[in-house]
Amino acid sequence: MLTKIALIASIMLPLWNIPLIVRIIKRRSSRDISILWVIGAWSCFLAMFPAGIQSQDIVYRTFTYVNFFFFTLVMIFTVLFHRNK
């Protein structure tokens, strides 16, 4: 039972990146998000990715795939819509 709940949460948690992506696209700006932060966080996810996909734990493995996908979108849209002023 706990594994099923955790598996659902591992899929749902990264979905909270969707409102951020939508906000960036609607505003056509990601100026309020630090480029250093987003690239630093994404680099850490990238470094963790190989271990995550090799894990025997279905919750961690699922979270790795879903979170990496959605945070990659956040990183891409943040970089694309960042305006330096």
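The values are calculated or read from the model by the stated rules, or taken from the named source; none is laboratory data. Just so you know, these numbers come straight off a predicted model, no measurement behind them. Backbone-built Cβ (ideal geometry, glycine too); neighbour counts: all protein chains shown. Areas reflect the complete protein model, heavy atoms only, side chains present, ligands, DNA and RNA absent. Shrake-Rupley method; radii C 1.70, N 1.55, O 1.52, S 1.80 Å.
Could you please let me know if Leu36 is without any contact (Cβ under 8 Å) to a residue 24 or more places away in the chain and loosely packed, with under 14 Cβ neighbours inside 10 Å? When the stated conditions are applied, Leu36 passes them. Scanning region 47-75 for residues that are within 11 Å of the chain's Cα centre (by Cα), under 27 Å from Ile5 (Cα atoms) and open to solvent by less than 80 Å² (accessible area, probe 1.4 Å) turns up Phe63, Thr64, Val66, Asn67, Phe68, Phe70, Phe71, Thr72, Leu73, Val74. Can you find, within region 1-33, the residue that is least open to solvent (accessible area, probe 1.4 Å) among those that are in a helix (DSSP H, G or I) and hydroxyl-bearing (Ser, Thr, Tyr)? Here the residue is Ser10.
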